[in-house]
Amino acid sequence: MNLKNSTIVLTGASGGIGAAVATALAHQGARLLLVGRQAEGLQALARRLPGEHHPVVADIASDSGRQLIEQHAVQFGPIDLLVNLAGILDFQLFEQQPETVIEQTVITNLLSPMLLTRRLIPLLKGRPESAIVNVGSTFGSIGHPGFASYCASKFGLRGFSEALRRELADTSVKVFYLAPRATATNLNSDAVTALNLALGNKTDSPQQVAEALVQLVTSNRHQHYMGWPEKLFVRINALFPGIVHSALVKKIPVIKQYAEHQLESK
């Protein structure tokens, strides 16, 4: 897909990865609808980017917010690409995680992107070439202790992407799925950052995620898993889940240590 002169709806634009993705897309010559909940941050981002861009202050988790995004997409469009990037991450043992956090995680990471996509598909179908990018996670393919709710939401997003890609195969709309590994953003709590260091997990920068997203959309592939050996673990888990299970179970004492420390600090 050619991004030059395209019009793109980007959710989660005010976050660390969102700002990096917005910058990468703007430098490709795209016009952006920058969607987020923080007006000041969105406006500051729009001023920093080259080209013409439009901040949209909206909460994708509400019907009124999604309706507002659709209205701006009609006015600012026609739109060529939807990037579902907005998401939340909470690291806790599942039995200790509040029900409200579980619900918010699934709504923000899975249900909201699905409902927003449903609203915008008719607009995307009207273009000769268009696409949807769902930003998932390595944890959308590997269930990891301490992240049960997050994994559930991202597993769901991956399944949604696969099913929708097949459903829209006879239209002009392509569906892409990008799975980053650990990324250095404010989305991570201090405990998550410390856990990644303790487990030896490699961490990418937001700019690396942005570059991977651009490469995916402009390629002929439909999905991309970032990082090595993470992409290898995804394949092993699909074919021989017992191997990955055993490896992660051995790390449970370390995971519980950081999860309990985070619970005590709240």
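The values are calculated or read from the model by the stated rules, or taken from the named source; none is laboratory data. In this text, all values refer to a predicted model and were calculated from it rather than measured experimentally. We place every Cβ from the backbone using ideal geometry, glycine too, and count neighbours over all the protein chains shown.
You will find that of Leu195, Leu124, Leu187, the residue that is buried (at least 23 other Cβ atoms within 10 Å of the Cβ) and at pLDDT below 95 is Leu195 and no other.
Looking at the structure I just gave you, is Val35 under 26 Å from Phe139 (Cβ atoms) and assigned to a strand (DSSP E or B)? It is true that Val35 is under 26 Å from Phe139 (Cβ atoms) and assigned to a strand (DSSP E or B).
If only residues of region 184-225 that are of a type in the set (A, V, I, L, M) and part of a loop (DSSP other than H, G, I, E, B) are counted, the one that is farthest from Leu82 (Cα to Cα) is Ala184.
Reported count of residues in region 1-13, each being over 13 Å from the mean Cα position of the chain (by Cα), of a type outside the set (A, V, I, L, M, F, W, C) and buried (at least 24 other Cβ atoms within 10 Å of the Cβ), is 0.
The one condition from (1) more than 28 Å from Thr23 (Cβ to Cβ); (2) free of Cβ contacts under 8 Å to residues at least 60 places away in the same chain that Ala198 does not meet is (2). Restricting attention to region 24-48, the residues that are surrounded by 18 or more Cβ atoms within 10 Å (Cβ to Cβ) and either over 16 Å from the mean Cα position of the chain (by Cα) or not aliphatic (A, V, I, L, M) (or both) total 10. Sort out which residues of region 50-76 are assigned to a loop (DSSP other than H, G, I, E, B), surrounded by 19 or more Cβ atoms within 10 Å (Cβ to Cβ) and touching a residue at least 24 places away in the same chain (Cβ under 8 Å), and write them in order of number. The answer is Ile60, and nothing else.
The single condition among (1) under 19 Å from Leu124 (Cα atoms); (2) at pLDDT below 95 that Leu32 does not satisfy is (2).
When region 140-183 is examined, which residues are found to be assigned to a loop (DSSP other than H, G, I, E, B) and surrounded by 16 or more Cβ atoms within 10 Å (Cβ to Cβ)?
Listed by number, the residues that qualify are Ser141, Ile142, Gly143, His144, Pro145, Gly146, Phe147, Leu168, Pro180, Arg181, Ala182.
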